[in-house]
Amino acid sequence: MTSEEHTLETAAQTLRDAQETVHAARRNLTAAIVTAYRAGEPVARIAERTGKSATEIRNLLAATQTSRRA
């Protein structure tokens, strides 16, 4: 295997690892948003704390079929 092939494979693996890290972070953020909402925190405050828009938070809650009822 040439040095170029090794570099390409290493870069591809690094990208896969980074993508998994991003997916895990998104799952954790989603769980934290759902928990905060169910605890009674307003959508606007969650949006402010996460740097997302209220629409993004509402869409996430709708996609996860989240209500204030646990």
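Annotations for the structure displayed:
- Distance from the alpha carbon centroid of segment 8-26 to that of segment 48-70 works out to 26 angstrom.
- Segment 1-31: trypsin sites (Lys or Arg not before Pro) falling in loop per DSSP and having at most 14 other Cβ within 10 Å: none
- At a probe radius of 1.4 angstrom, the accessible area of the chain per residue rounds to 77 square angstrom.
- Carbon plus sulfur fraction of accessible area for the chain, probe 1.4 Å, in percent: 54 percent
- Over the chain, dividing the summed -39,500 (n - 2.57) contributions of all DSSP H runs of at least 4 residues by the number of residues returns a 222 nm mean residue ellipticity of -26000 deg cm²/dmol.
- Option label - Cα Rg over 2.2 N^0.38 Å computed here, alternatives (1) 0.99; (2) 1.24; (3) 1.64: (3)
The values are calculated or read from the model by the stated rules, or taken from the named source; none is laboratory data. The shown structure was predicted, so the numbers you read here are calculated from the model rather than taken from an experiment. With ideal geometry, Cβ positions are generated from the backbone for all residues, glycine too; neighbour counts draw on all protein chains shown. Just so you know, the surface numbers come from the protein's heavy atoms only, side chains and all, with ligands and any DNA or RNA stripped out. Shrake-Rupley method; radii C 1.70, N 1.55, O 1.52, S 1.80 Å.
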